[in-house]
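J.: Could you have a look at this structure, given as structure tokens, before my questions?
Please treat every number below as a calculation from the coordinates, not as lab data. Quantities reported herein were computed from a predicted structural model and do not represent experimental measurements. Quick reminder, even Gly has a Cβ in these numbers, built from the backbone with ideal geometry, and neighbours come from all protein chains shown.
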Amino acid sequence: MASSGIEASALPEVPENANQHCPGTSSDQAGKSAACAGCPNQSICATSPKGPDPDMAAIAERMSAVKHKLLVLSGKGGVGKSTVSAQLAFALARRGFEVGLLDIDICGPSVPKMLGLEGQEVHSSNLGWSPVYVEENLAVMSIGFMLPNPDEAVIWRGPRKNGLIKQFLKDVHWGPLDYLVVDAPPGTSDEHITIAQCLQSAAMTSDGSASGTAAIIVTTPQDVAVIDVRKEVSFCRKVGLPVLGVVENMAGLVTPLERCTFTAATSSVAANGGAAVAGDGFTAAGTGAEVDVTSQVLAFLTERFPGASLRVRTEVFRAGGAADRMCTDMNVELLGRVPLDPGLGAAADAGQPVVGPVPFGESSNAEPMDTVASAVGWDGLACLPALLTIVDKVVDRTRGTKSSS
């Protein structure tokens, strides 16, 4: 029987599809007992190393100071997973939570750029590695802080990557955290098995309350991306990791009208430098040259809708609810749809949050969304309502309470 690529240590003690009288995946008899005959997990259990991992005790002790661990996953690269991780961490911190952001995308660390921390270094003390602080309540750790040359490729095999992930978890001194957001690499590989196993090793926090680990899966609207999300959900269920929900990123392009350029394809072009022959300047016929008609279109729409703030929306990939159907089929929640917003891309490139400098949520003094967006330089961001709705749901689903430390 072909192996599924999952170690027995990453499976629940008694998997859902196990035979009756399963001895347990951590037992010395796992995969060898008569009760294991015919079990789909038999070869995994029989070949996996037995005995406790010596790093787990140190990781459990360090993670006991973290109330909620959020593992941000994606089935494919390039769907905006790191952007969602960064903005989620920013937003949780702006609500007053103590937040850590851990970048375990060893071969493609983008968190330092997205949080404006390029060129920062990691320092150590008798308490362990010190994370880099963006704000007083937002700490960050990434291999990007350790590379002497940011353009240098990290060419590591699985065991070395897993070793660094464990070192991050057991050696970084976060202090008490309400949320640890983990930006994982795309796919379902060794790193994902390691991080899921390690984060689940700490079931209680240092104050005696329950500690939770859950996954947030990021996708885009294409069928090819959603297909991989199904595999990601399946992975989470096999390793016993609850799925908090799915974020559909790049769900349509939304941009202010004034940032758009309008052209008209004309059937013929006058000899005076390309002016349209048609008298109204808008005729689009045939296959002639394109003429810029932006000023005419903007003037027309401004006159037609005086005082309105107009936006243009189009479906870049597809419309039709592929993520909706997938979430219904697999019984997971769609947390929200984030449009492809040029302002969000500008914020990521600048290492800035799109959620402004005042706390939201419980504070009665919280400013309106547009006021906050204006304060950080991106007035009227189309992505902001969706992002804030997602953060609301994350806090509600985890019943986030602020650290008293």
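J.: What does the net charge come to around Leu147 if you take all other residues with beta carbon closer than 11 Å to its beta carbon, with K and R at +1 and D and E at -1? Display every interim value, and only then the final one.
T.: Working: positive: none; negative: Glu118, Glu121, Asp151, Glu152.
Overall, the nearby charge balance is -4.
J.: Among 64-76, 187-199, what's the highest-first ranking by average C-beta atoms within 10 angstrom per residue?
T.: Values: 64-76: 23.9, 187-199: 21.7.
Per-residue Cβ counts within 10 Å, averaged per peptide and sorted highest first, yield 64-76, 187-199.
J.: Tally Lys and Arg at +1 and Asp and Glu at -1 over the other residues with C-beta under 12 Å from the C-beta of His173: what net charge comes out?
T.: In short, 0.
J.: For the peptides 103-116, 152-165, what is the packing order when you average, over each peptide's residues, the other Cβ atoms within 10 Å and list the highest mean first?
T.: Details: 103-116: 20.9, 152-165: 13.6.
The packing order, highest mean first, is 103-116, 152-165.
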